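Please read the structure below before turning to the comments.
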Amino acid sequence: MRFKRTRSGASLKLKIGAVAGLLFLHLPLLLIFLYAFTTEEKSYQFPPPDYTLKWFGVVWERQDIWDAFGLSLRIALIATGAAIVLGTLAAAAVARTRFFGREAVSLLIILPIALPGVVTGIALRSAFDIADIPFSFWTIVLGHATFCVVVVYNNAVARLRRTSPSLLEASLDLGANGFQTFRYVLLPNLATALLAGGMLAFALSFDEVIVTTFTAGQQTTLPIWMLSELVRPRQRPVTNVVAVFVVIITFLPILMAYYFTRGGEATAGHGK
Amino acid sequence: MAQRGVLMNQPADGILGRVSDLFFRKPGLLLLILLGPPLIWIGVVYVGSLVALLVQSFYSIDEFSGRIVREFTLKTYAELLRPSNLDIVLRTVLMAASVTVVSALIAFPIAYYAARFARGWVKGLFFIAVMLPLWSSYLVRVYAWKLILANEGVLNWTVEKVGLTPLVDALLSMPVIGGPSLSFSYIGTFLVFVYLWLPFMILPIQAALERVPASMLEASGDLGARPGQTFRKVIFPLALPGIVAGSIFTFSLTLGDYIAPQIVGSSRLFIGQAVYMHQGTAGNLPMAAAFSMVPIVVMAIYLWIAKRMGAFNAL
């Protein structure tokens, strides 16, 4: 008889399967980094004939890329701000109280991300057409904020569910009013979850292209700039370098979001 | 008691205190104020847009002037049912189905290892490794496959070194899935889709497997089941809700994507591309709207079947 509980390790087959799967997920991204240094301009030759840092300088000088980057950054910041406010309000309503139509509200908030992106895009495009709203900076922000709300909402709801209601009751018992309770008890508890949700919303918005192409008109965000380069490659080395920057700019907030919410709760659930 | 707190701070707090007392006495009012902005936003912007989409799909386009006629008609839906359009729908649904199956096969070992064996920092590493690609760099990840699948790219280089070039050529010469090269064939599109949506399959399967107690698997072994039997009779049925949840994502995302098949794939259209083409170059917004009803309907049917199979009960 065995009394000690033994947990036999993973079988070799399982280990190979898991590692191979993770390599499949990440090797292509490493390749992007490799290609940023290639000297080859006309093709995607592998292995690269030689390596150079020249293209980073070329990208630095390109005003059109800076403009696209600036536009994406402004859109992502404003959309994230709107999403944090709206997502927090909705989360506070859904997490604390039970009311008629509560399930419908959470479904409604998740909908923009559950339906295929092309549906969200064409729906917004149809609405702008029917309401005769011309495309502008704000039509892009409108679309982005709509699907970013769910990210903040998911993080905030998860945190609120873990925050004990007796904390709030204690605060009220000790004489704080509702606003003081919010400021000194609820907000400090919620802050990192909101920060994490905001980070993910930023990454999502900064990188978004499927909805954006329907709501942007003539504006060029960084992903739209990249898309046009992918469809008709003109400056492959420049695109390679921009790709590296996009990876880094979106990876950083995601890693920070993980850092803020690690331990126990899943980061924002899943769903894009 | 909470009520006493309210009584105690009544006179001192001025307007903020009085407002906060009001909220305490009338929680419905607070709820209304909390829910108002997000509901107005989502309700007006998003649901309004979906209604606009539905309305738009019942408009039609005047063939001579190319302008949208804003009158109710079923003409656009009749055009949607042309054989060439049905081909697009069938092609997309078949692609979505095969992407879903293969994603599940690749995702399972990762999810199983992460749920059962990974501990401490390894577990965190697995989580980050899945989260990073899920949240970011959609375009860059498509682009990576353009590099990989190019004729002069890394895949062909590897295949040549290993001496498998005849095998790839044989694959490419097959009737439907083949094409002039990997990046201009369905095989290429398929690989990109699997790569893109794999994280969406891993996370729900892992979540389902995390809930299976290790003692249950030990019990199965103690009762004489071989590892294969334990997998078929215990692990797989318990993981199934996770697989179904993941398949909802992989299916829905494949149905709605129009960028990946445009960059890596043959010139034959998928639903997303048809929607994009109709609204853009063709300027036929009603047709685009009608076409985008297809993924919505397909997803509704898919969810209904999943529900009938009892897949949501265990979630």
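State the number of residues belonging to the range A:122-136 that are touching a residue at least 12 places away in the same chain (Cβ under 8 Å) and either in a loop (DSSP other than H, G, I, E, B) or at the interface with chain B (Cβ under 8 Å from one of its Cβ atoms) (or both).
Count: 6.
Please find, within the range A:6-52, the residue that is farthest from B:M201 (Cα to Cα) out of those that are outside any loop (DSSP other than H, G, I, E, B) and among the β-branched types (V, I, T).
A:T38
Six or more apart or on different chains, Cβ under 7 Å: which pairs go from a residue in the range B:266-280 that's in the same structural domain as B:S185 (by TED's automatic domain parsing) to one that's surrounded by fewer than 24 Cβ atoms within 10 Å (Cβ to Cβ) and polar (S, T, N, Q)? Could you list them?
B:S266/B:S185; B:Q273/B:Q262; B:H278/B:N284
Of everything in the range A:89-121 that's assigned to a loop (DSSP other than H, G, I, E, B) and under 22 Å from the mean Cα position of the chain (by Cα), which residue is farthest from A:L160 (Cα to Cα)?
Among those that are assigned to a loop (DSSP other than H, G, I, E, B) and under 22 Å from the mean Cα position of the chain (by Cα), it is A:P116.
Does the range B:224-238 contain any residue that is of a type outside the set (A, V, I, L, M), within 13 Å of another protein chain (Cβ to nearest Cβ) and buried (at least 18 other Cβ atoms within 10 Å of the Cβ)?
There is at least one residue in the range B:224-238 that is of a type outside the set (A, V, I, L, M), within 13 Å of another protein chain (Cβ to nearest Cβ) and buried (at least 18 other Cβ atoms within 10 Å of the Cβ).
Restricting the search to the range A:169-191, which residues are away from chain B (no Cβ under 12 Å) and aromatic (F, W, Y)?
A:Y184
Of all the helices (runs of 4 or more DSSP H) wholly in the range B:31-147, which have at least 3 residues that are free of Cβ contacts under 8 Å to residues at least 40 places away in the same chain?
Hits in the range B:31-147: B:48-57, B:83-116, B:121-135.
So is A:I75 surrounded by 22 or more Cβ atoms within 10 Å (Cβ to Cβ) and more than 13 Å from chain B (Cβ to nearest Cβ) or not?
Against the criterion (surrounded by 22 or more Cβ atoms within 10 Å (Cβ to Cβ) and more than 13 Å from chain B (Cβ to nearest Cβ)), A:I75 qualifies.
Looking at the range A:92-102, is at least one residue out of contact with any Asp or Glu (no Cβ under 8 Å at 6 or more places or on another chain), touching a residue at least 60 places away in the same chain (Cβ under 8 Å) and at the interface with chain B (Cβ under 7 Å from one of its Cβ atoms)?
yes
Is at least one residue of the range A:258-272 acidic (D, E), over 16 Å from the mean Cα position of the chain (by Cα), in a loop (DSSP other than H, G, I, E, B) and closer than 30 Å to A:L27 by Cα?
Scanning the range A:258-272 turns up at least one residue that is acidic (D, E), over 16 Å from the mean Cα position of the chain (by Cα), in a loop (DSSP other than H, G, I, E, B) and closer than 30 Å to A:L27 by Cα.
Mind counting the residues in the range A:216-239 that are more than 8 Å from chain B (Cβ to nearest Cβ) and surrounded by fewer than 24 Cβ atoms within 10 Å (Cβ to Cβ)?
Counting residues in the range A:216-239 that are more than 8 Å from chain B (Cβ to nearest Cβ) and surrounded by fewer than 24 Cβ atoms within 10 Å (Cβ to Cβ) gives 16.
Select from the range B:37-71 the residues that are out of contact with any strand residue (DSSP E or B) (no Cβ under 9 Å at 6 or more places or on another chain) and among the aromatic types (F, W, Y) and write down the one among them that is farthest from the other protein chains (Cβ to nearest Cβ).
Within the range B:37-71, the match that is farthest from the other protein chains (Cβ to nearest Cβ) is B:F64.
Counting only residues that are surrounded by 16 or more Cβ atoms within 10 Å (Cβ to Cβ) and within 23 Å of B:A260 (Cα to Cα), how many does the range B:158-176 have?
2
The values are calculated or read from the model by the stated rules, or taken from the named source; none is laboratory data. What you see is a predicted model, and the numbers here were worked out from it, not measured in a lab. When we count neighbours, we look across all protein chains shown, and the Cβ atoms used for this are built from the backbone with ideal geometry, even at glycine.
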